[in-house]
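The values are calculated or read from the model by the stated rules, or taken from the named source; none is laboratory data. Here the structure is a predicted model, which means the values were calculated and not measured. When we count neighbours, we look across all protein chains shown, and the Cβ atoms used for this are built from the backbone with ideal geometry, even at glycine. In case anyone asks, the SASA skips ligands and DNA or RNA and just uses the protein heavy atoms, side chains included. Shrake-Rupley method; radii C 1.70, N 1.55, O 1.52, S 1.80 Å.
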Amino acid sequence: MADTYSTLLIERHTDGYAVVTLNRPEALNALNSQLLGELGDFLEAAERDDSIRAVVLTGSAKAFAAGADIKEMSDKSYADMYLENFFARAHDRVAAFRKPIIAAVSGYALGGGCELAMLCDFIIASDTAKFGQPEINLGVAPGIGGSQRLTRAVGKAKAMDMCLTARMMDAAEAERSGLVSRVVAVDALLDEARKVAAKIAAQSPLAVIANKELVNAAFDTTLSQGLQFERRLFHSLFAFDDQKEGMAAFVEKRKPVFTSR
Ligand code: CO8
């Protein structure tokens, strides 16, 4: 697969993961249609590629992404937005990716940038990261899930505060609030994200997908539906060789070798 994109840099690792770097430095990685189209294309290709079992999505030290591209949006009419179903497809293509995708965020993750990071499965932040939903400053509101995912992540008080005042959250507050899973020094961010991706890529791909589906189900189901889904998916994993191998390896005090694709 040729990784030729004009707004993304792709690094593939023999450990079974890829690092995707948003690459519009002139606009602090603002998300335009081209970048989001390329990201969707890459993820669709990665979905079919057995050599990629996890993805790290990152930006630059200064900006993960400073939002949707305001210059692209500014002259659009209501009819344009409605007919294009603006950014709905981009949202859905990231949300539909079944393999783990980890956001490694340094610097600004604002507006659509914060929303893109939250669309990933979890966020590792550098100590310079800043998260915000400043759309209100532009006379608009979040449009790629920010009002919903931020509220679920950090609760109503902080989400309201951030959406209504455009206040940014630094990395320490984001970790305290549950928006990010870990914070590391800015120079260590990519190493940490790579280690995490390699660790996930070494697991059974079936178990990885099952774990991702189960955690995501917690957002859309009642507790009893989620528990039933978990139980059934847990049972179903006993149909695969990787369960036999994982448990045998534990008993035999050796490392498992997972063989499912
Ligand atoms: N869009 C387009 N260009 C941008 C964006 C952006 N979001 N952010 C920065 N840039 C450009 C600047 O215009 C500038 O370009 P130029 O040199 O040509 O003037 C370049 O990036 C560097 O930016 P600054 O000079 O402003 O850099 P600073 O270090 O001074 O400031 C900030 C950094 C604070 C991040 C500042 O750039 C900023 O406030 N950016 C905008 C942040 C923002 O408002 N983001 C929200 C955008 S709206 C949004 O995301 C809506 C999502 C939902 C849409 C989906 C609809 C369905």
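Between GLU252 and MET160, what's the calculated FRET efficiency when r is the beta-carbon distance and R0 is 51 Å? Round to 0.05.
Taking R0 as 51 Å, the efficiency between GLU252 and MET160 is 0.45.
What translational D, rounded to a whole number of µm²/s, comes out for region 132-241 from Stokes-Einstein when the hydrodynamic radius is the Kirkwood one over Cα pairs, at 4 °C and 1.567 mPa s?
Rounded to a whole number, D works out at 77 µm²/s.
So what is the relative contact order for the chain, in percent, with contacts set as C-alpha pairs under 8 Å and at least six apart?
Dividing the mean separation by the residue count of the chain yields 16 percent.
Can you bin region 32-155 into rounded, prolate or oblate? Criterion: square roots of the alpha carbon gyration tensor eigenvalues sorted a ≥ b ≥ c, rounded for a/c under 1.5, prolate for a/b above b/c, oblate for the rest. Don't skip to the answer; put the middle values down first.
Numbers: a/c = 1.76, a/b = 1.19, b/c = 1.47.
The shape class here is oblate.
Just the accessible area per residue of the chain, please: how many Å² with a 1.4 Å probe? Before the final figure, lay out the partial values.
Working: 13790 Å² over 261 residues.
It amounts to 53 Å² per residue over the chain.
Less than 15 Å Cβ to Cβ from MET168, Lys/Arg counted +1 and Asp/Glu -1: what total charge do the surrounding residues give?
Numbers: positive: LYS62, LYS130, LYS158, ARG167, ARG176; negative: GLU115, ASP127, GLU135, ASP161, ASP170, GLU173, GLU175.
Surrounding charge for MET168 is -2.
Add +1 for every Lys or Arg and -1 for every Asp or Glu among the other residues with Cβ under 13 Å from the Cβ of ILE10, and state the total.
Here the count lands on -4.
Over the chain, what per residue volume does the convex hull of the Cα atoms give, in whole Å³? All intermediate terms of the calculation are to be shown ahead of the outcome.
Values: hull volume 38.0 nm³, N = 261.
In the chain, the Cα hull volume divided by residue count equals 146 Å³.
Tell me the net charge near GLY40. Cut-off is 11 Å between Cβ atoms, GLY40 excluded, with +1 for each Lys or Arg and -1 for each Asp or Glu.
Working: positive: ARG89, ARG93; negative: GLU38, ASP41, GLU44, GLU47, ASP92.
With Lys, Arg at +1 and Asp, Glu at -1, the neighbours total -3.
Mind checking region 65-111 for trypsin sites (Lys or Arg not before Pro) that DSSP puts in a loop (not H, G, I, E or B) and that have at most 14 other Cβ atoms within 10 Å?
Sparse-neighbourhood loop trypsin sites (Lys or Arg not before Pro): LYS76, ARG98.
Enter the angle in degrees (range 0 to 90, nearest 10) between the Cα long axis of helix 189-201 and the first principal axis of the Cα atoms of the chain, meaning the one along which they spread out most.
It works out to around 40 degrees.
How far, in degrees from 0 to 90, does helix 205-217 lean away from the longest principal axis of the Cα atoms of the chain, to the nearest 10?
50 degrees
Could you work out how much longer the chain between THR259 and GLU84 gets when fully extended? Use 0.36 nm per residue separation minus the Cα distance between them, nm to one decimal.
Additional length available on full extension: 58.7 nm.
Give the shape of region 1-79 as rounded, prolate or oblate, defined through the alpha-carbon gyration tensor: a ≥ b ≥ c are the square roots of its eigenvalues, a/c under 1.5 means rounded, and otherwise the shape is prolate if a/b is larger than b/c and oblate if not.
Prolate shape, in that a/c is at least 1.5 and a/b is the bigger ratio.
Of all the accessible heavy-atom surface of the chain, with the other protein chains kept in place and a 1.4 Å probe, what percent is carbon and sulfur? Let's see the in-between values first.
Values: 7840 of 13790 Å².
That fraction is 57 percent.
Suppose R0 equals 30 Å. What FRET efficiency, 1/(1 + (r/R0)^6) with r the Cβ-Cβ distance, do ARG182 and GLN34 give to the nearest 0.05? Don't skip to the end; give the middle numbers.
Working: r = 31 Å, r/R0 = 1.04.
The computed FRET efficiency comes out at 0.45.
For SER6 and ILE136, what is the calculated FRET efficiency with R₀ set at 35 Å and r taken between the beta-carbons, to the nearest 0.05?
0.65
What is the helix-to-structure angle for 156-165, meaning the angle in degrees between its Cα long axis and the longest Cα principal axis of the chain, kept from 0 to 90 and rounded to the nearest 10?
It is inclined by approximately 30 degrees.
Relative contact order of region 1-133, please, whole-number percent, based on alpha carbon pairs below 8 angstrom and at least 6 residues apart.
24 percent
Tell me the label-point distance for the pair PHE122, SER74, using the 7 Å Cα-to-Cβ offset, in nm and rounded to one decimal.
For the pair PHE122/SER74, the computed spacing is 4.0 nm.
With a 1.4 Å probe and all protein chains kept in place, how do LEU179, LEU227 rank by accessible area, largest first?
Values: LEU179 15, LEU227 70 Å².
Sorted by accessible area, descending: LEU227, LEU179.
Quick one: Cα centre-to-centre distance for region 6-69 and region 190-231, in angstrom?
21 Å
Okay, helix-only estimate at 222 nm for the chain: each DSSP H run of n ≥ 4 adds -39500 (n - 2.57), divide by all residues, round to 500 deg cm²/dmol; what do you get?
So the calculated ellipticity at 222 nm is -13500 deg cm²/dmol.
In debye to the nearest 20, how big a dipole does the chain give about its Cα centre with +1 on each Lys and Arg Cβ and -1 on each Asp and Glu Cβ? Let's see the in-between values first.
Values: 30 positive and 34 negative charges, 164 e Å.
So the dipole magnitude of the chain works out to roughly 780 debye.
Kindly provide the trypsin sites (Lys or Arg not before Pro) of region 151-182 that DSSP labels as loop, not H, G, I, E or B, and whose Cβ sees at most 14 other Cβ atoms within 10 Å.
Those that pass, being in a loop and sparsely packed, are ARG167.
Assigning unit charges at the beta carbon (Lys, Arg +1; Asp, Glu -1) and nothing else, what dipole magnitude in debye, to the nearest 20, does region 167-261 show about its Cα centre?
Computed charge dipole of region 167-261: roughly 280 debye.
Output the relative contact order of region 120-261, whole-number percent, from Cα pairs under 8 angstrom with separation of 6+ residues.
Relative contact order comes out at 24 percent.
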